[in-house]
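For reference, the structure discussed in these notes is given below.
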Amino acid sequence: MAFDGITIANLTKDFSDRLTGGRIYKIAQTESDELFITVKLSFENADKYGIKQEKIVLSADASLPLTYLSDETKQSPMTAPNFCMLLRKHIQNGRIMSITQPGGLERIIRFEVEHLDEMGDLRHKVLLIEIMGKYSNIIFTDENNMIIDSIKHIPASVSSVREVLPGREYFIPSQDKANPLTTTADEFSSCVLSKGMPLFKAIYSSYTGLSPIIAQEICYRSGVDADKSAIALDTSESIAVYRAFSDVMDLVKNGQFTPVVVYEDDAPKEYASIPLTLYGMSSNAENATDTNSEHHSFKEYDSISELLQNYYAEKNVVTRIRQKSVDLRKIVQTSLERNVRKYELQLKQMSDSEKKDKYRVYGELLTVYGYSAEPGAEKITVNDYNTGKDVTITLDPTLTPSQNAKKYFDKYTKLKRTAEALEEQMKETKEAINQLESIQTALEIAQKEADLAQIKQELADSGYIKSHPTGKNGHKEKITSKPFHYLSSDGFDIYVGKNNIQNDELTFKTANGGDWWFHAKKIPGSHVVLITGGKEVPDRAFEEAAALAAFYSKGKMQEKVEIDYVMRKEVKKPGGAKPGFVVYYTNYSMAISPDISALKLISD
């Protein structure tokens, strides 16, 4: 899904309509690469929109760069970073004079701010956000286009194209692409129709800010196959394509935006700021929300910010949480690999110890038949009265038969002790492997920092990391993470533990003996509890709870997962067992697809 130049144009128009004339009230740097700016609207806009202030998110995150108007509040760090302090010094309380998109459809938004300097003189500063994938940045310049600072410094050693450092002149990196908003028919022909590549690719590779999906939309509107070579178009096709191209550009130039998400089988497939007729949507976007074409449906939004906030909110959280969990993932992976190697070595040692019974038999046979061995003999063949077969026993010629017998008994005793110790060690190692694999699964489903805090607590309690109390008076900080809460199609509450600590609390504190408990069979996964409330549970509720157990397990990507389920009173926790580890001896099983689309997630 493309955060392209047309989406930026839509955002620029919305920002300009709402924020021009407003004053920058607060500036916070909520992440190392993200700003959260509060703007007090002008009196005119405050009356027009019925609100007094707006909040803008500006994120230059390499994996998910974003900007939009937000209705949420983000927590600021205790100490503001240097870039944030610099912006506060220069433009806090400044008036936003204009918000523009330079260079046609460049993926850049330019905020010009008027403020008073230390001497009381009127000055202008510019804040730019560049939405360019891993090259995204937020750059602060003076009125002469000189860079004051940026949220990311890019020296010449990193980029030979453009340095982004204080004191350098700001310029837009050249992409050798044309401006689609000012192109003529002749320019379109020379830019696009002379290329020996698929038409849609020729369009988006020739102009700034056009994504593949917009190029395919232009082709669809023209009635020309998007995969046809651009150079092979006849005259009528060339005219049709340019006309469709111009129609789309007219929508952008006139600010006629229709923010819409296209769904395929209820899953979001694409979004755009113009109607996507190639999926069956009406070109005037009427009744877009209720329109369906085969497996496609559409949801139209009042603003592009609302669309982006709703669509990317969850994705942004997941991306941020994944970044914050990198260290924990590394610790878990390293510990898991170490324990797997340890377990493999223990298995080999256990295999070697299986020789112990052979040595015991040798000792017993030498005790009975050793007298028949000739002095200095290196071996003796005797009949094993246990099996009736002859056995050849190697002897130490420097020892007597009784001493050889004792030597074999000593080997037996040593290996027996080794085997007994290994059994306990292997049990502990296997439990550690199971725990670490379950923590890996928990890291995959973590959605909030509180979820990570609970996983970190388990790792600290288990000795994998050092424990550092972060609360007041040196006590552990209270963790507010809660299990997932789903509502079944029949109205039954179903809870899913996000990690081992929650699994224990959910199974042994939240659920009662008459509730039902679900877990993926013999693979790491969440504890799932179906709360019966003393009612008879229909088959569909059992299947939906089992689907949740499959979805929140290591087998999530399988077509079907085998799930064990049992009444909660049958689930026991052995003394001293690791978090999340339980036993049960009687259970039912079912193979179920990990499809939870029919279930409603209740916000915690």
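Computed from the coordinates by the stated procedures, all read-outs in this text should not be read as laboratory data. Small disclaimer: the values here were computed from a predicted structure and weren't measured. Ideal geometry is used to build each Cβ from the backbone, glycine not excepted, and the neighbour counts take in all protein chains shown.
Couple of notes before you dig in:
- Selection from P483, N500, Q309, by position along the positive dipole direction of the chain (Cβ): N500
- Each of the peptides 143-156, 22-35 was scored by the mean count of other Cβ atoms within 10 Å over its residues; in descending order, highest first, they stand as 22-35, 143-156.
- Here the Karplus curve 6.51 cos²θ - 1.76 cosθ + 1.60, taken at θ = phi - 60°, turns the phi angles of segment 127-132 into couplings of 10, 10, 10, 10, 9, 9 Hz, with x standing for Gly and Pro.
- 13 Å Cα-Cα reach of K48 towards aspartates and glutamates, excluding residues that sit fewer than 8 places from it in its own chain: D17
- Extreme residue, positive dipole direction of the chain, given options I99, A511, P65 (C-beta unit charges): A511
- Spin-label model, D327 to S467: label points 7 Å out along the Cα-to-beta-carbon direction sit 1.8 nm apart.
- In sequence order, calculated HN-Hα J values of segment 14-24 (Karplus, 6.51, -1.76, 1.60; Hz; x Gly/Pro): 4, 4, 5, 4, 8, 9, 4, x, x, 10, 6
- In this label model, D357 and E344 are separated by 2.8 nm, measuring between points 7 Å along each Cα→Cβ vector.
- Q53 long-range amide H proximity, modeled H, under 5 Å: L41
- Distance (nanometres) between label positions extended 7 Å along Cα→Cβ at T235 and S489: 6.0
- Dipole of the chain [Lys/Arg +1, Asp/Glu -1 at C-beta], most positive-end residue of T79, Y362, N145: Y362
- One chain, two ends: D539 and D186. Fully extended at 0.36 nm per residue, the span grows by 120.4 nm beyond their Cα-Cα distance.
- Gyration tensor verdict on segment 228-278 (Cα atoms; rounded if a/c is under 1.5, prolate if a/b is larger than b/c, oblate otherwise): oblate
- Lysine pair number, Cα distance threshold 19 Å (strictly under), segment 484-602, separation 8 or more or different chains: 28
- Protection proxy ranking of 110-121, 553-564 - average other beta-carbon atoms within 10 Å, highest first: 553-564, 110-121
- Principal semi-axes in Å for segment 377-451 [√(5λ), Cα gyration tensor, largest first]: 53, 14, 9
- Rounded to whole numbers, the Karplus 3J(HN,Hα) couplings from phi for segment 426-443 are 5, 4, 5, 5, 5, 5, 5, 4, 4, 5, 5, 5, 5, 5, 4, 4, 5, 5 Hz, using 6.51 cos²θ - 1.76 cosθ + 1.60 with θ = phi - 60°, and x at Gly and Pro.
- Residues whose placed amide H lies under 5 Å from that of S98, excluding near-sequence neighbours: E112
- Within a straight-line Cα-Cα reach of under 26 Å, K134 can be paired with the following lysines, leaving aside sequence neighbours fewer than 8 residues apart in one chain: K13, K55, K74, K125, K152, K177, K201, K269, K315, K324, K330, K448.
- Two-decimal log10 I(q)/I(0) for segment 329-442, as the Debye equation yields it once each C-alpha is a single scatterer, q = 0.13, 0.16, 0.23 Å⁻¹: -0.62, -0.76, -1.14
- Charge dipole (debye, nearest 20) of segment 484-602; +1 at Cβ of Lys and Arg, -1 at Cβ of Asp and Glu: 480
- Here the relative contact order of the chain, from alpha carbon pairs under 8 Å that lie six or more residues apart, stands at 8 percent.
- Take 239-246, 522-529 and order them by the average number of nearby Cβ atoms within 10 Å per residue, most first; the result is 522-529, 239-246.
- Shape of segment 5-150, Cα gyration tensor, a/c cut at 1.5: rounded
- Taking every Cα-Cα distance in the chain and sorting them into 10 Å bins from zero, the calculated P(r) comes out as 3, 12, 17, 17, 17, 13, 8, 4, 4, 3, 1, 0 percent.
- Placing +1 on the Cβ of every Lys and Arg and -1 on the Cβ of every Asp and Glu, with no other charges, gives the chain a dipole of roughly 2540 debye about its Cα centre.
- P(r) weight above 17 Å for segment 484-602, C-alpha pairs, percent: 49
- Zone residues, segment 125-153, relative to M85, backbone N less than 11 Å from point 7 Å out along Cα-to-Cβ: none
- S157/S372 FRET efficiency (R0 56 Å; Cβ-Cβ; nearest 0.05): 0.10
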